[in-house]
Every structure is written in structure tokens, then in C-alpha cells.
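Presented below is the structure to which this report refers.
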Amino acid sequence: MNSGGYSAVVRTAVAGTLLVLGFAVVSCSGDAPDDEAKGKVTVVYEDDAIKPKNRQVVEVIRKSRVLEQSADWVNTSLALPHDLTVKVTDKVPPGVEDAVTQPDGRTIYVPPEFLTQVQGIATDVARNVERPAVFPQDRYNADDLTALSTRFIFGHELGHALQRQLMLANIGMEEDAADGFASFSTVNQAGPAPSLAAALVFDQLARKQGKITLEGLSSDHPVAQARVFNFLCHLEGSDPEKYEGPLVATGYLPKSRAPLCPQAWAMLDHGWWTQLRPHFTSAFKDQGDKEQQDARARLIAETKAFAEQLDAYRSGQGAHTPPAPRSP
Ligand SMILES: [Zn+2]
């Protein structure tokens with residue numbers, strides 16, 4: 001999505017003021033503040049507003065339940081201050097062509113027209129791109145590639161929605177953080193397939209886009225090809241023992257980038273668990289706290305391991321050496 005720029009900053013500031021005022025009123029009434037926010041994520045298929053030519057791909061997505069699975073994780077794990085409605089509809093605000101999140105984080109549009117475009121690229125990949133050995137053969141078809149890459153793309157939009165609703169402190173580009181949540185959430189919840197499918201689809205998209213333009217370079221999103229390597233880097237870094245062979249030795253992820261990835265993943269994983277921690281539901285709190293503590297231990301171990309191989313990496317001889325096993 002494109003960020004709303006200055007106007008979004010103003011709206012966010014106003015919303016923050018209202019939250020503070022609302023809390024003051026509750027405190028004055030003498031009632032205990034409600035510490036469990038009640039916002040829920042709901043996926044709505046607006047069947048009457050889906051054009052006939054896009055109905056087939058909507059059925060693929062509906063049957064795959066990728067949107068519902070991602071929504072369920074948020075509902076189980078996080079206490080949102082507001083409802084979040086995910087609208088699968090061709091009835092979108094003016095100029096909306098892709099999946100987008102509204103500036104208040106309370107609506108995500110997933111236009112079927114956009115899903116049809118994703119399906120077109122996924123079909124091209126399934127037909128014309130040799131399957132990477134790491135990608136499961138029985139899922140290397142247009143429908144599964146469409147559903148899996150949609151799960152990743154939806155993860156990106158959920159990242160925007162969480163940043164906006166929870167007013168997360170952002171110390172980098174919002175679009176990078178949204179891609180980060182797509183990797184964090186899909187790798188942890190669904191394994192490698194969504195990252196791999198998204199990498200294949202974005203790679204094909206970048207080839208179709210051709211030469212990088214001024215608009216592409218100045219976009220608030222990194223260029224598509226850079227995003228492909230970010231998706232692969234975070235996946236590889238999540239389990240280098242498993243993915244170094246299939247992703248790095250094969251050349252999908254360059255050897256110049258790969259040594260940075262275990263620490264990059266550890267930083268991302270720790271970053272999201274830490275940012276989300278104050279917002280865990282009471283049912284998820286114990287598990288979530290444990291995830292955050294494990295992620296912190298992993299970040300410390302990976303940073304130490306990286307420091308030990310830094311001279312070799314800077315001299316161009318870097319190779320990932322796994323850190324010593326963590327103590328329980
Ligand atoms: Zn975005």
C-alpha cells in the first residue's frame with residue numbers, strides 16, 4: 001500500500017489524543033479500565049461486488065482459507081483496540097488496484113481484480129519457471145502458488161494494520177516493517193511455502209516490470225527484486241542448517257548476502273515479538289512471553305556468532321557458522 005503521508009500523520013495524532021481522552025473518562029467514572037481490547041479480525045467476501053471474471057480466483061482463495069488462517073492467529077494472540085474488516089471486494093475506494101490497508105488500520109481491501117493479477121503471474125511461474133527443489137512438487141501449480149503468495153501479501157497488509165492500530169514504534173520504513181511482518185508471521189505460522197511462493201511471484205513480476213524507473217526507485221516500497229532477496233534472506237536465516245543448501249548453494253540467495261541472514265532473522269523475530277508483547281491476549285500471554293524470551297536469546301547468540309565471523313565476512317570469505325546450541 002502507499003502510505004498516506006502527512007495527512008495520515010495528522011489523523012494518527014488526532015486518534016492518539018482521542019484515546020488519551022477516552023481513558024481519562026473511564027478513570028474518572030471509578031470503573032476499572034477494561035484491559036482486554038475487543039477488536040476482532042473478520043474476513044468478508046462481498047460476493048455481490050465481485051466481478052464474474054474474478055470469481056474463480058476468489059474461490060481458490062476462499063477454499064485455501066489463507067486469509068482466515070492469518071486472521072485467526074491475530075484473533076487468538078493479540079488484543080486489538082478496534083475491529084479489523086478484511087473486504088474481498090471489487091467495490092474499492094478510487095484508485096485502489098492492489099491489496100491495501102486504510103490509514104486507521106481498521107479495513108484491509110483485497111480486490112479480486114488484484115488476485116486475478118497474482119494468479120496470472122503464478123500461472124506464468126508454474127508453467128515457465130523451473131521449480132526450485134526446496135518448493136514442494138505437489139504444490140507447484142498455479143492455484144497453490146496463488147494462495148500461498150496471497151497469504152504472504154496479506155501478511156504484509158496485516159503488518160500495516162497492526163502498526164496503525166497498535167501505534168507501534170517504527171524505527172524504519174513502514175513498508176519494510178510490513179514485509180517484515182509477512183515474513184515473521186508466515187515463517188512462524190506456516191513454514192517456508194508462503195515466502196518461497198512470494199519470492200517466485202515477485203521475481204516474475206520484477207522481470208515483467210523490466211528496467212527500474214525513477215518512480216520505482218523513489219517508491220515507499222523497495223523495488224520488487226530487492227524484496228525477493230529480503231523474503232529469501234529472512235527464510236534462510238530462520239533455519240540456516242535447513243535452507244543454506246537449497247537456497248544459497250543453488251544460487252537463489254547470493255553468498256554475499258547469506259551470512260547476514262541468521263542475525264537479520266533473529267533481529268526481525270525478536271523485534272516483532274517484543275513489539276507485540278504488550279498486546280498479547282491473556283490466553284496467549286504465557287506462550288507469547290516464552291516466544292519473546294526465546295527470540296531474545298537467539299538474537300544474542302546470532303549476534304555473537306556473527307561478530308566472531310565478521311573479519312572473514314568483510315574479507316569476502318564469510319560462511320555461516322551456527323551458534324552453539326542455546327541453553328534451555
Ligand atoms: Zn504496503
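Derivation of every value follows stated rules applied to the coordinates shown; laboratory data play no part. Fair warning: this is a prediction, and the values are worked out from it, not measured in the lab. Every residue, glycine among them, receives a Cβ derived from its backbone with ideal geometry; neighbour counts consider all protein chains shown.
Taking other residues whose beta carbon is less than 10 angstrom from the beta carbon of His234, and scoring Lys, Arg as +1 and Asp, Glu as -1, yields -3.
Screening the chain for whole DSSP H helices of 18 Å or more along their axis (Cα) with average Kyte-Doolittle hydropathy at least -1.0 returns 5-28, 112-128, 142-165, 174-190, 193-209, 224-238, 261-276.
Rounded to the nearest 500, what is the 222 nm mean residue ellipticity of the chain from helices alone, with -39500 (n - 2.57) per DSSP H run of 4+ residues and division by all residues?
Working: 13 runs with 190 residues, N = 328.
Taking each H run of at least 4 residues, the total per residue is -19000 deg cm²/dmol.
Projected onto its three principal axes, the C-alpha set of the chain covers 64, 53, 39 Å, listed from the longest axis down.
Contour minus end-to-end for Arg314 and Thr281, with contour as 0.36 nm per residue of separation and end-to-end as the Cα-Cα distance?
Length gained, Arg314 through Thr281: 7.5 nm.
The packing ranking of peptides 188-197, 94-103, highest mean first, is 188-197, 94-103, where packing means the average number of other beta carbon atoms within 10 angstrom of each residue.
Based on the Cβ-Cβ distance of Ser256 and Ala297, what FRET efficiency does E = 1/(1 + (r/R0)^6) give at R0 = 25 Å, to the nearest 0.05? That pair, Ser256 with Ala297, gives E of 0.35.
For the peptides 72-85, 280-293, residues were scored by their other Cβ atoms within 10 Å and the scores averaged per peptide; the highest-first order is 72-85, 280-293. Of all lysines in the structure, those lying under 24 Å Cα to Cα from Lys304, and not within fewer than 8 positions of it along the same chain, are Lys242, Lys255, Lys290. Rounded to the nearest 20, the Cβ-based charge dipole of the chain about its Cα centre (Lys and Arg +1, Asp and Glu -1) stands at 440 debye. With a point put 7 Å past each Cα toward its Cβ, work out how far Asp72 is from Ala307 in nm, to one decimal. Using points 7 Å along Cα→Cβ, the separation is 4.2 nm. Quote the FRET efficiency, to the nearest 0.05, computed for Lys290 versus Ala249 with a Förster distance R0 of 30 Å and r equal to the Cβ-Cβ distance. In this case the efficiency is close to 0.35. Of the cross-linked pairs Lys40/Lys87; Lys38/Lys87; Lys63/Lys285; Lys53/Lys211; Lys63/Lys91, those separated by over 24 Å at the C-alpha level are Lys63/Lys285; Lys53/Lys211.
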